[in-house]
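Each remark here refers to the structure printed beneath this line.
FYI, it's all coordinate maths here, none of it is from the lab. Not measured: the values here are computed from a predicted model. Cβ sites come from the backbone with ideal geometry, for glycine too, and all protein chains shown count toward neighbours.
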Amino acid sequence: MNKKIFILGGGQSALYAAREIRKNNRDAEITILGEEKFIPYERPPLSKDFLLNKRIDEDLYFCSKETLEEEKINYLNTIIIKVDFENNILVSEDNKQYTYDTLLISTGSKNRKLIINSEVDDEIFYLRNLEEAKNIKEKALGKKNILIIGGGFIGLEIASSFSQLNKNISLVEVGNQLMGRIIPNQIADLVKQFHENEGNKIILNKTISEITKINEKYKILLNDNTEIISDLIIAGIGSIPNVGLFENTKLKLDNGIVTNEFCETNIKNVYASGDVSNFYHPLYAKYMRLESYQHAQNHGLCAGKNISGIKTEYSSIPWMWSDQFNLNLQLTGICDDYDEIVERGKRIDDGIIHFFLKNKKIKGACGLGIAGKVGRDIRITSKLAEKNTIVDSSLLSDQSQKLNKLIQK
Amino acid sequence: MADENWIEVGSTDSIEEEDLIRFDHQDKTFCVYRLTDGFYATDGICTHEAVHLEDGLVMDDEIECPMHQGIFNIKSGEALSPPACDDLKTYPVKVDNDKIFIKIN
């Protein structure tokens, strides 16, 4: 009998795992159980090209339905309400049972929600999936004033898109800088200036005290008594791993599903990948949970290999990007454990990068530039961080010299 | 008549080994590469999103997009790594008297 492999969750990590398993195993029955009616699609364009009407639904799918059929990967749109790890059974909302030999959990993460008052809480929009992006796009039609709560990647990307559609943006962030969880403040300040030059109002160090609905508008009161009137409120205040289904089971949870470097959980034949996994990173010798495109993909591929019996350690250097206006922000490695910062470049047009070093070795870098101006050097940084190489900081800071030589054989 | 389609890009020493330069001709833009075994040319713009590959990283026979790390084979144009899905168009290249030419049409 062919092995039955079920993948819980229908996002990027699930799809890459499924295709990797198929590449290595012609006969396994592979089924993705997704809660969305759409086959797996790219999320990064939702806050950018999709809002800007440059791309539509069909442009976002990682692969076509036909490709899934050809590769014999089943996509079932269903909601699983119970996992029985003793008997390897998944139970769906419509009371169907699925028995697995191997289970991969790639349920991703969900929006952290604001709780202000019951009158308006349900009218605050969030953007994580295609349905939510469609709702926001529809709701924003004909509206002029938009309040964005949260100055992370998603809030800033939405601010950028709607600003390009000539809307008035106010963005309120509780922290003293934008993107404070991961981006160094020097780079975050440049992003703030850029948004302000484009006309966006960025308000730091403030919280929302009260929101009142007046006719079709909202009156927002900040904790310093500033008032903002808005037609639409969108919040992007972080996400939490989607693990509700596994509470009170024997699956080990701690800020997500705890996995080792091979995507294995504490239960035999149960794996986890992507946003939902708090995985052990052998290079950093610690557990981490990442929410990024690159991670969802590579972790899925790694899970797929391990499920196929190809023992593969996951040791990717973290990398993420955000596109706002014509700016491209990139971050690689770890930027919060350093004893030296080396700056490269002075102008956003040419790209500005801050390298974070410890004991002369590059640990991470964060760069900001027009379009792809920082990409090559950030990529070189990833390679240097992976190899723990000692580097000459005078070369890093000299933009007239290409860094390629640092990685050439 | 056949030679009319060969457009001069520049001298061979204008590109370092395992590197590339941007070349614009009329309303089109290209990347011209110097690999260990010769010169190659592709379209200049990534097939994923409109960003020029001139700022990308050349590694062995591959070019990696500087914006989202899509990877293409320089010789065949094949898209090797997501988010790039569509292949990159490639162009014939020849070297004559230390000058590089690409055939655009």
| task | Over 24 Å, how big is the tail of the calculated P(r) for segment A:113-236, in percent of all Cα pairs? | result | 22 percent
| field | Size of electric dipole in chain A: Cβ of Lys, Arg +1 and of Asp, Glu -1, about Cα centre, debye, nearest 20 | value | 1020 debye
| Cα-based Rg of segment A:255-309 normalised by 2.2 N^0.38 Å, two decimals | 1.00
| note | One point scatterer per Cα, no solvent, Debye formula: log10 I(q)/I(0) for segment A:326-406 at q = 0.17, 0.23 Å⁻¹ comes out as -0.56, -1.04
| task | Report the FRET efficiency, 1/(1 + (r/R0)^6), for A:K54 and A:K402, where r is their Cβ-Cβ distance and R0 is 22 Å, rounded to 0.05. | result | 0.10
| field | Linear extension gain, A:I89 paired with A:N388, 0.36 nm per residue minus alpha-carbon span | value | 103.2 nm
| When a footprinting reagent is the concern and you count Cβ atoms within 10 Å, what order do B:L35, B:L88 take, fewest first? | B:L35, B:L88
| query | Under the Kirkwood approximation for Rh and a Cα-based Rg, what ratio Rg/Rh is obtained for segment B:2-103? | reply | 0.95
| remark: One checks the Cα atoms of segment A:214-355 and finds Rg and Dmax, in Å, of 20.5, 60
| How big is D for chain A, in µm² s⁻¹ as a whole number, if Stokes-Einstein is applied with the Kirkwood radius of its Cα pairs at 20 °C and 1.002 mPa s? | 94 µm²/s
| query | If you take every DSSP beta bridge whose two residues both sit in segment A:113-236, what share of them, in percent to the nearest 5, is antiparallel? | reply | 45 percent
| remark: One would report the antiparallel percent of DSSP beta bridges in the protein assembly as shown, rounded to the nearest 5, as 70 percent
| message | If neighbour count is taken as other Cβ atoms inside 10 Å, put A:C335, A:C302 in order from fewest to most. | response | A:C335, A:C302
| said: Placing +1 on the Cβ of each Lys and Arg and -1 on the Cβ of each Asp and Glu in segment A:293-409, which of A:N298, A:I310, A:Q399 has its Cα farthest towards the positive end of the resulting dipole? | reply: A:I310
| remark: Any lysines whose Cα falls less than 18 Å from that of A:K360, other than same-chain ones fewer than 8 residues away, would be A:K383, A:K387, A:K405
| message | So for chain B, if I pair up every lysine 8 or more residues apart or on another chain, how many of those pairs have alpha-carbons under 15 Å apart? | response | 7
| remark: Here the relative contact order (percent) of segment B:2-103, from C-alpha pairs under 8 Å and at least 6 apart, is 27 percent
| In the calculated pair distance distribution of segment A:46-172, what percentage of Cα-Cα distances lie above 25 Å? | 46 percent
| note | Given the candidates B:I104, B:L80, B:I63, the one whose Cα lies deepest towards the positive end of the charge dipole of chain B, counting +1 at each Lys or Arg C-beta and -1 at each Asp or Glu C-beta, is B:I104
| task | Please work out the C-alpha center-to-center distance from segment A:44-83 to segment A:170-208 and express it in whole Å. | result | 32 Å
| Just how far, in whole angstrom, is segment B:55-105 from segment A:316-333 if you go by their alpha carbon centroids? | 23 Å
| field | Percent of beta bridges antiparallel (DSSP, segment A:206-297, rounded to nearest 5) | value | 85 percent
| Which entries in A:K110/A:K137; A:K113/A:K219; A:K192/A:K363 show an alpha-carbon gap greater than 23 Å? | A:K192/A:K363
| query | So how far, in whole Å, is the C-alpha centre of segment A:11-29 from the one of segment A:356-400? | reply | 34 Å
| query | Does segment A:270-340 come out rounded, prolate or oblate by the C-alpha gyration tensor, with a ≥ b ≥ c the root eigenvalues, rounded set by a/c under 1.5 and, if not, prolate when a/b is larger than b/c and oblate if not? | reply | oblate
